[in-house]
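Step one of this worksheet: look at the structure below.
The values are calculated or read from the model by the stated rules, or taken from the named source; none is laboratory data. Not measured: the values here are computed from a predicted model. FYI the Cβ positions are ideal-geometry reconstructions off the backbone, even for glycines, and counts take in every protein chain you see. Side chains included, ligands, DNA and RNA excluded: accessible areas come from the protein's heavy atoms. Shrake-Rupley method; radii C 1.70, N 1.55, O 1.52, S 1.80 Å.
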Amino acid sequence: MTPTNCRKTREIRAVVFDWRGTLVSELDPKGWVAEALRRAGRSSDRDAVTEVLAAIHTPELKQRLQSPHGNTSTERHRETFYGVFEDANLDSEVADALWDIDSDPSYNHFADDTASTFDALRANDCKIGILSNIHFDIRPLFAEAGLLDRVETFVMSFQCGLQKPDPRIFLRALTDLGTSAEETLMVGDRPSRDGAAVDVGMRTLLVPTLRDPRDCRLDLVTAAVRPVEQPELAGSAAH
């Protein structure tokens with residue numbers, strides 16, 4: 001017998017986006033190292049890139065680069081990265097170039113469908129929030145792209161001293177938006193970080209990491225929040 005006491009899913013009233021890798025493109029590790037080597041005036045061929053990646057991606061050092069506290073302040077982020085570079089025996093020029101590129105938003109380009117997606121969400125009365133593990137202020141980049149006035153809140157890890165997957169940072173976004181977890185959708189590209197939103201009850205949509213801004217996939221978001229007619233459950237009129 002089909003159950004008739006299921007709770008109806010609440011309508012989505014807000015969408016929280018991750019920034020890097022979701023709304024903007026992100027260099028992959030090979031691209032990051034290759035660009036750093038070029039900046040430092042070094043060979044950036046495959047062997048050179050592989051050598052640097054092998055040095056900084058030992059299991060212990062890679063874990064430190066992905067520290068759950070590495071983006072809770074600009075100072076801690078810098079300390080974490082430079083500590084890894086030193087232990088990997090990178091020279092100062094390469095280390096500086098790696099840090100500079102990680103901190104340079106000119107390498108992060110908004111997906112071509114960002115503005116249209118934001119407009120569609122707002123037309124559907126959805127609030128928009130940005131939740132990012134980041135060590136610098138990304139609001140000027142939204143202003144340059146003409147997107148700042150479409151966003152209700154920015155929750156940035158370096159400002160609040162918390163970072164994903166800590167559930168408290170998701171709760172901070174919900175408080176800022178004034179919406180409940182049930183009526184808020186989290187959109188990101190990393191299961192281990194953005195996916196943790198489910199732990200506070202947020203519906204969550206994971207998309208592949210954006211490498212090319214022409215890879216339009218944010219239609220998945222608008223499809224997820226579009227009102228859908230709920231079919232009548234079988235047997236609902238049987239009693």
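Restricting attention to region 2-10, does a residue exist that is within 30 Å of Glu152 (Cβ to Cβ), touching a Ser or Thr at 6+ places or on another chain (Cβ under 7 Å) and assigned to a loop (DSSP other than H, G, I, E, B)?
Within region 2-10, not a single residue is within 30 Å of Glu152 (Cβ to Cβ), touching a Ser or Thr at 6+ places or on another chain (Cβ under 7 Å) and assigned to a loop (DSSP other than H, G, I, E, B).
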(message) On the basis of being in contact (Cβ under 8 Å) with a residue 40 or more places away in the chain, over 20 Å from Ala197 (Cα atoms) and surrounded by fewer than 19 Cβ atoms within 10 Å (Cβ to Cβ), does Asp137 make the cut?
(response) no
(message) Looking only at region 34-67, how many residues end up being β-branched (Val, Ile, Thr) and closer than 15 Å to Asp87 by Cα?
(response) 3
(request) Output the residues belonging to region 195-212 that are open to solvent by less than 30 Å² (accessible area, probe 1.4 Å) and either under 14 Å from Asp113 (Cβ atoms) or touching a Cys at 6+ places or on another chain (Cβ under 8 Å) (or both). (result) Val207, Leu210
(message) Name the residue that is modelled with the lowest pLDDT, counting only residues in region 1-20 that are surrounded by 13 or more Cβ atoms within 10 Å (Cβ to Cβ) and over 28 Å from Pro140 (Cα atoms).
(response) Thr4
(message) Any residue in region 1-27 that is over 20 Å from Val225 (Cα atoms) sitting within a Cβ distance under 6 Å of a residue that is at pLDDT below 90 and among the polar types (S, T, N, Q)? List the pairs, counting only those 6 or more apart or interchain.
(response) Thr4/Ser236
(request) Go over the candidates Glu60, Glu93 one by one and state the one that is open to solvent by 60 Å² or more (accessible area, probe 1.4 Å), over 23 Å from the mean Cα position of the chain (by Cα) and in contact (Cβ under 8 Å) with a residue 12 or more places away in the chain. (result) Glu93
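Might you check whether a residue that is closer than 14 Å to Ile128 by Cβ and either touching a residue at least 60 places away in the same chain (Cβ under 8 Å) or not in a helix (DSSP H, G or I) (or both) occurs anywhere in region 209-220?
yes
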(request) Mind listing just one residue for me: the one in region 115-132 that is out of contact with any strand residue (DSSP E or B) (no Cβ under 8 Å at 6 or more places or on another chain) and open to solvent by less than 50 Å² (accessible area, probe 1.4 Å) and, of those, modelled with the lowest pLDDT? (result) Asn124
(request) Just one of (1) open to solvent by less than 10 Å² (accessible area, probe 1.4 Å); (2) without any contact (Cβ under 8 Å) to a residue 40 or more places away in the chain trips up Leu98, so point out which. (result) (2)
(request) Test Asp149 against the stated conditions and say whether it is open to solvent by 20 Å² or more (accessible area, probe 1.4 Å) and within 22 Å of Asp28 (Cα to Cα). (result) no
